[in-house]
Amino acid sequence: MSDPLYYRTASALSRELEAKKISSLELVRAVIERTRAVDGTVGAFISFDEDDALARARASDARREGGEALGPLDGIPVGIKDILAVEGQPLTCASRMLGDFVSPYDATAIGKLKAAGAIPWGRLNMDEFAMGSSTENSSVKTTANPWNTDCIPGGSSGGSAACVAAGEAPLTLGSDTGGSIRQPAALCGVVGMKPTYGLVSRYGLVAFASSLDQVGPFAHTVEDAAILLQAVAGYDRRDSTSYKTDIPDYRAALQENRGPWKLGIPSEYFGEGLDPEVEKAVRAAIDFYRKEGCEIVEVSLPHTEYAVGVYYIIATAEASSNLARYDGIRYTHRSSEATDAIDLYFRSRAEGFGEEVKRRVILGTYVLSSGYYDAYYLKAQKVRTLIRGDFLKAYNQVDALLTPTTPAPAFRKGEKTDDPLRMYLSDIYTIGANLAGIPGISIPCGFSGDGLPIGLQILGRPYQEADLFAIARRFEEAHDYHAKHPGL
């Protein structure tokens, strides 16, 4: 028995649309109905515009009737993390600071989606300004993990991961600064890809940490993630960090690159703090690749122990600078209690930002301050170079690295909110890829005894996303974890 319409993969939906077995209007109505039915429980969405989605579906159907379909995404809804600008839609970053802001333009990634015929569907919940690992820092609501609604979905792109897992959209976009795509993908049992830094334009992505942020896809399958990345990747002159490189046919690469590969196991990712159930599932995945003829090699990333500290210096420093623009004067929350201009600035920021954002801005301002810049920020940048060097050295020996995505399955809501350090350690296996600027993908590789998803992370060479997709697809083809859905 096939999945209901709202749970079918984007590639299957694309084939059915092309064969005119279904219409885009029918698909969008099914997604709307599903969202109305379950989002009161899941809380993936901050808002959605049904009329706009239906109008775009009708336009897609008209193009298809005229023989002018725009490609595999034409007529397919894609949920959007509320950090990417979509013209005419709210852009709040789940913060009171931007509570009334409506975007006047499209982010480059959104413009590319629209050009491919995809239908931007709603605004997805997140940790405020992407600062968090559980989506509990949203000023709007706490998103639930569809597999156990007492648990968190991960963060900061928790809404994007939960949306796909719950069948509220076949595809979503998120952003990844320290694991914010891969970590929630693992905890919600879906596929999540962080591309190489510079592959997808950051124009129209509200900045958290500019040297770390990257836009990427969530999907049910590796093939679907490849289709979505294909649509949004590419050089953009409006982004000074965008990289000019040829974009391969990621979907074709799934068939062309069949391995076997030489795969590295970083010893530093299998030590203290790793949940036994996660280690068992990931080691079973490693054994699978060994049986498939892949050479498995133990490698070392010796500066891994410094990654969390380095990340929380660099990310907070960049956040402090980027969030200085939210001053209560122009387009942001403005306090009604202020007595003068200086008071307006202080009160507006105090009222508009949540506790975690304030914590990170204060930390970032401190490490950039006179007398501490060299001791903290400059030193962190030097260690970041060493961390990147560790990865590049490893890639002289192997094609990719296999690691856990998270140290444990999803934890209960409220379990770590009073202990920021424990929360920060949720990203211990994902942060390195952002510091190094390399691509990474998380795919489902098992379940805990409590029925919570476990993710396998595959890390690759810069701009070799095609290889990551192929390696991930090999595991997916032989297992059915991606085809399982929560019983909402």
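No value in this document is a laboratory result; all are computed from the given coordinates. Since we're looking at a predicted model, the values are computed, not measured. FYI the Cβ positions are ideal-geometry reconstructions off the backbone, even for glycines, and counts take in every protein chain you see.
At-a-glance table
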read-out: Stretchable slack from residue 41 to residue 297, in nm (0.36 nm times residue separation minus alpha-carbon distance); value: 87.8 nm
read-out: Extension reserve of the residue 149-residue 210 stretch, reckoned as 0.36 nm per residue once the Cα distance is removed; value: 18.7 nm
read-out: Long-range amide H partners of residue 445 with built H, under 5 Å; value: 454, 455, 456
read-out: Assigned charges on the beta-carbon of Lys, Arg, Asp, Glu; the chain dipole about Cα centre (debye); value: 600
read-out: Förster-model FRET efficiency, 25 Å R0, residue 422 and residue 362, C-beta, rounded to 0.05; value: 0.80
read-out: Qualifying trypsin sites (Lys or Arg not before Pro) in segment 321-360, DSSP loop, other Cβ atoms within 10 Å at most 11; value: 330
read-out: Contour minus Cα-Cα distance for residue 244 and residue 397 (0.36 nm per residue); value: 52.4 nm
read-out: Zone residues, segment 15-38, relative to residue 54, backbone N less than 13 Å from point 7 Å out along Cα-to-Cβ; value: 25-33
read-out: Residue exposure sequence - 419, 427 - by fewest surrounding Cβ within 10 Å; value: 419, 427
read-out: Packing-based ranking, highest mean first, of 253-259, 42-48 given that Cβ atoms within 10 Å are counted; value: 42-48, 253-259
read-out: Cα centroid separation, segment 278-332 to segment 353-385 (Å); value: 18
read-out: At most 16 other Cβ within 10 Å, DSSP loop - chymotrypsin sites (Phe, Trp or Tyr not before Pro), segment 356-395; value: 372
read-out: Dipole-positive endmost among 119, 187, 165 within segment 91-246 (Cβ charges, Cα centre); value: 119
read-out: For residue 121, residues with placed amide H under 5 Å, excluding near neighbours; value: 78, 79, 80
read-out: Overall form of segment 5-262 per C-alpha gyration tensor (a/c, 1.5; a/b vs b/c); value: rounded
read-out: Calculated FRET efficiency for the pair residue 237/residue 305, C-beta based, R₀ 45 Å, to 0.05; value: 0.70
read-out: Considering only the chain, percent of DSSP beta bridges that pair antiparallel, nearest 5; value: 65
read-out: Whole-Å semi-axes of segment 195-344's equivalent ellipsoid (Cα gyration tensor); value: 40, 24, 14
read-out: Calculated FRET value between residue 275 and residue 483, using beta carbons and R₀ = 22 Å, to 0.05; value: 0.35
read-out: Fewest-first sequence of 31, 310 by Cβ atoms within 10 Å of each Cβ; value: 310, 31
read-out: Charge dipole (debye, nearest 20) of segment 366-419; +1 at Cβ of Lys and Arg, -1 at Cβ of Asp and Glu; value: 80
read-out: Sequence-distant residues sharing a close amide H with residue 203 (under 5 Å, placed H); value: 108
read-out: Loop-located GluC sites (Glu not before Pro) in segment 110-177 whose Cβ has at most 15 other Cβ within 10 Å (DSSP); value: none
